[in-house]
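First the structure, in the form of C-alpha cells, and then the observations on it.
The values are calculated or read from the model by the stated rules, or taken from the named source; none is laboratory data. What you are looking at is a predicted structure, and each value in this text was computed from that prediction instead of being measured. Here Cβ is always computed from backbone atoms with ideal geometry, including for glycine, and neighbour counts include all displayed protein chains.
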Amino acid sequence: MEAAHSLSVGDVWSALSSCVAPSVLSAVSRAAADGGLGFERMSPVQQATIPQFVGRKDVVVEACTGSGKTLAFLVPTLHILLQRDTPLRPHEVGAIVLLPTRELARQVEAVCSALLGGLRPRPASPLRVMLMVGGDDEELSAASYLQHGANVVVGTPGRIEAALARGLGAGRQTVRAKELEVLVLDEADRMLALGFQQSLSVILAHLPKQRRTGLFSATQTDSVDDLIRAGMRNPVRVRVAAVARDASAGGGAAEPAARLPGGLYSYYAFCEHGDRLLELLRVLTRIQAAEKPCKAIVSELAAACRRPPLRRPASIRR
C-alpha cells in the first residue's frame, strides 16, 4: 500500500499534534534550537512517514541520504515508547535501531540523546539510549547495560546480534527484548551490501512478532524486498522523490545525474593542497551569504588524484 497523507510540503512540526505527543514535538523544537539537530519545518520524508509509523503500521521508506530520515523514525519511536500503558523498566529494550556503520550509529545515538534530553515534562520513568557497535569493548558494553540498562539500543548488526543471541563479554550478558515495540533498519540496502544478511536474520528471529518495523533504504533491491517479506507485515510504502541534477555543472564531459533530495546541494572547489583550509572557509562564507540557514557536510578527498599545479585561481562550483 502506498502512503497517503494530508500534510502539505513544509508544514511545521506542530501539524503533527493530532498524532504525536506534545512532549516529543517540543523536544524536537528544543533540539533544533540548542544543537541544530532539526529544522523549523518538516522534510517530505518526515511528513509522509511519521503519521504512518505512529499509526501502528510497518513502513518501507525509499529516500536518499540527507532527506531527514533520522527524525522520521526517532520521533515515532519515542512517541510509541512514551505512550505505553506500562512504562519500560530500566533493562527492558523497547526499540532497536540498526545501521550499517559505527559512524552512522553514533550520529543517530547523539540525535536520540538530544531528543530525550529535551523532553518536558520529564517522564516518570526516563528512557535511556545505549550505543552498541562493533569495535567497542564488549565488556564495557555489558557492564554499562547491567549498571544503567537501556530502553533504546542503537547499533550495528553484528554487535546487536551478539547482544541478543550469544551475549556480550565473558559473562555472556544478553539484552531483554521481550518488550520490544519498534525495530528500525536504516540504510537497509547498505547493510545487505556489506554482508549483514545472516546477522539480520538472527536478530529478527530473536524479536517479538508483534512490533512495528520501519525499513529505510535509498534503493529497493531484490535483497531488500526479501528482507521486507521476512520481517514486515503489510507495510505502507513511502517514496520520496529525489531531484536529478547534473553533476557536471562546471563544464567538461557530462556525468550521470545524481539523486539528491530537493534541499541538498553539493559544492566543490579546485585548489592547491596547502590552500585547502582557506578555500573551505571561503566556500562556507559564500554559501552562508547566499543561502538560507543550512547545515554543511564537508568531505575531503586527501589524495584523489595528482595533477600539475593550478595556473588559475580556485573556483567554487555547484
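Taking every residue in the stretch 196-214 that is closer than 18 Å to F73 by Cα and pairing it with any residue that is among the hydroxyl-bearing types (S, T, Y) and crowded, with 16+ Cβ neighbours inside 10 Å, at least 6 positions away or on another chain, the pairs with Cβ-Cβ distances below 9 Å are R212/T77; G214/T49; G214/T77. Taking the criterion of being in a loop (DSSP other than H, G, I, E, B) and under 23 Å from the mean Cα position of the chain (by Cα), the residues of the stretch 124-140 that qualify are P126, L127, R128, V133, G134, G135, D136.
Results for (1) at pLDDT below 95; (2) over 19 Å from R233 (Cα atoms); (3) assigned by TED's automatic domain parsing to the domain that holds N234; (4) β-branched (V, I, T), shown as yes or no for each residue.
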site	(1), (2), (3), (4)
P22	yes, yes, yes, no
A31	yes, yes, yes, no
V45	yes, yes, yes, yes
G55	yes, no, yes, no
V59	no, no, yes, yes
E62	yes, no, yes, no
G66	yes, yes, yes, no
K69	yes, yes, yes, no
V75	no, yes, yes, yes
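Residues in the stretch 156-193 that are within 23 Å of the chain's Cα centre (by Cα) and on the phi > 0 side of the Ramachandran plot: E187 only. Restricting attention to the stretch 85-121, the residues that are closer than 20 Å to S17 by Cβ and basic (K, R) add up to 1. Report, ordered by the first and then the second residue, all pairs with beta carbons closer than 6 Å, sequence separation of six or more or different chains, a first member in the stretch 80-98 that is charged (D, E, K, R), and a second member that is surrounded by 15 or more Cβ atoms within 10 Å (Cβ to Cβ). Here the result reads E92/R176; E92/E179, each pair linking the stretch 80-98 to a residue that is surrounded by 15 or more Cβ atoms within 10 Å (Cβ to Cβ).
For the stretch 33-43, a tally of residues being within 20 Å of Q107 (Cα to Cα), surrounded by fewer than 19 Cβ atoms within 10 Å (Cβ to Cβ) and at pLDDT 80 or above returns 0. Filtering the stretch 31-82 to residues that are out of contact with any strand residue (DSSP E or B) (no Cβ under 9 Å at 6 or more places or on another chain), of a type in the set (A, V, I, L, M, F, W, C) and assigned to a loop (DSSP other than H, G, I, E, B) leaves L37, F39. Listed by position, the helices (runs of 4 or more DSSP H) contained in the stretch 141-220 that have at least 3 residues being loosely packed, with under 15 Cβ neighbours inside 10 Å and either outside the structural domain of L99 (by TED's automatic domain parsing) or in contact with a helix residue (DSSP H, G or I) (Cβ under 7 Å, 6 or more places away or on another chain) (or both) form an empty set. What do you reckon, is S26 in the same structural domain as L183 (by TED's automatic domain parsing) and over 20 Å from R84 (Cβ atoms)? The answer is no for S26.
Could you go through the stretch 113-120 and let me know if any residue there is touching a Ser or Thr at 6+ places or on another chain (Cβ under 7 Å) and surrounded by fewer than 16 Cβ atoms within 10 Å (Cβ to Cβ). Yes, some residue in the stretch 113-120 is touching a Ser or Thr at 6+ places or on another chain (Cβ under 7 Å) and surrounded by fewer than 16 Cβ atoms within 10 Å (Cβ to Cβ).
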